[in-house]
Amino acid sequence: MCLAHCLATTVLLALASAAGALMHPMIHEIGLVLAILFGVLALGRGIIKHGYMMPAAVGAFGLGMMAGALSLPHGGQEVLWTVIGVAVLALGHDLNRRATY
């Protein structure tokens, strides 16, 4: 289920980006708010379920990197730090999933 979600989201965002639908700056801010909300729900649920803080800490660090990227000028560095933040958040989710089993 996670793999299907990740692939579908990647394809959808790539298509929307290619169509120019992601050019408005508010898209990034709304996306970050949604990522934070879902991250708090998923990672917080993990803490309650398995009791480990590390996955949530790694995920929160990734969300922080994504938030910090919004302070950079739109373009090269913003994209780089957003992608790194997303990768760190994904690592937090993977650690959370592994701790559950």
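Of the whole protein surface, F61 contributes about 130 Å² of accessible area at a 1.4 Å probe radius. Packing, as the average of other Cβ atoms within 10 Å across residues, places the peptides 68-81, 85-98 in the order 85-98, 68-81, highest first. Per residue, the accessible area of the chain comes to 70 Å² when a 1.4 Å probe rolls over the protein heavy atoms.
With respect to the chain, whose longest principal axis is taken over its alpha-carbon atoms, helix 2-18 is tilted by about 10°.
Karplus-based coupling profile of the range 89-101, in residue order and whole Hz: 4, 4, 4, x, 5, 5, 4, 5, 5, 5, 6, 6, 8, with θ = phi - 60° in 6.51 cos²θ - 1.76 cosθ + 1.60 and x standing for Gly or Pro. When the accessible area of the chain is computed with all protein chains present and a 1.4 Å probe, what percentage of it is carbon and sulfur? Carbon-and-sulfur percentage of accessible area, whole number: 77.
Phi angles of the range 71-78 translate, via the Karplus equation with coefficients 6.51, -1.76, 1.60 and θ = phi - 60°, into HN-Hα couplings of 7, 8, x, 4, x, x, 5, 4 Hz per residue; Gly and Pro are given as x. Rounded to the nearest 10 degrees, the inclination of helix 54-69 to the longest alpha-carbon principal axis of the chain is 10 degrees.
Couplings 3J(HN,Hα) for the range 30-36, derived from phi with the Karplus relation 6.51 cos²θ - 1.76 cosθ + 1.60 (θ = phi - 60°), are 5, x, 5, 4, 5, 5, 5 Hz, where x marks Gly and Pro.
The values are calculated or read from the model by the stated rules, or taken from the named source; none is laboratory data. As the structure is a computational prediction, the values presented were derived from the model and not from experiment. Don't worry about glycine lacking a Cβ; one is built from the backbone with ideal geometry, like all the others, and counts go over all protein chains shown. Side chains included, ligands, DNA and RNA excluded: accessible areas come from the protein's heavy atoms. Shrake-Rupley method; radii C 1.70, N 1.55, O 1.52, S 1.80 Å.
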